[in-house]
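Data block below; observations after.
The values are calculated or read from the model by the stated rules, or taken from the named source; none is laboratory data. These figures come from a predicted structure and were not determined experimentally. Quick reminder, even Gly has a Cβ in these numbers, built from the backbone with ideal geometry, and neighbours come from all protein chains shown.
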């Protein structure tokens, strides 16, 4: 059974879960090259509620955010990888640069962001506050980013 849904399908699912008293947590990101920081972020996000929804940037939005050469993996592959984690309940792909539309559609109880943010620097903080949601910073200390890993790979293999 797939965990990957469109935003509208996911709204129906999360509305039902809320009526059953479940706390919905939303995490988002590119997840272009999975590393330990991603795992820590998502596992701790799941601990903040009952249902973890991961909103994944589309290929086009990553290109706009990260530049040419990204993403490394196509959105369907990234969605399949993220959905394979036992602590992830649902995955959706969004085309926008930020996750504001997903937040206003699903209105999760908690919007989890990684430790490269503070509650004050979360770009969508006003959106979350507007519907009464809460921001949680999860994942522990920042390990490194996918961009840093890509740079390290380039350096290691540039001499071959």
Problem set entry | Failed item, numbered, when residue 126 is tested on (1) within 27 Å of residue 5 (Cα to Cα); (2) without any contact (Cβ under 8 Å) to a residue 40 or more places away in the chain; (3) over 15 Å from the mean Cα position of the chain (by Cα); (4) not in a helix (DSSP H, G or I) | (4)
Exercise. Would you call residue 10 over 13 Å from the mean Cα position of the chain (by Cα), within 28 Å of residue 116 (Cα to Cα) and outside any loop (DSSP other than H, G, I, E, B)?
Worked result: yes
Problem set entry | Any hit, segment 95-105, residues being touching a residue at least 60 places away in the same chain (Cβ under 8 Å), under 12 Å from residue 28 (Cα atoms), assigned to a helix (DSSP H, G or I) and out of contact with any helix residue (DSSP H, G or I) (no Cβ under 8 Å at 6 or more places or on another chain) | no
Exercise. Can you tell which of 21, 29, 37 is over 13 Å from residue 78 (Cβ atoms) and either surrounded by 14 or more Cβ atoms within 10 Å (Cβ to Cβ) or modelled with pLDDT under 95 (or both)?
Worked result: 37
Exercise. Is one or more of the residues making up segment 66-87 part of a strand (DSSP E or B) and under 21 Å from residue 6 (Cβ atoms)?
Worked result: no
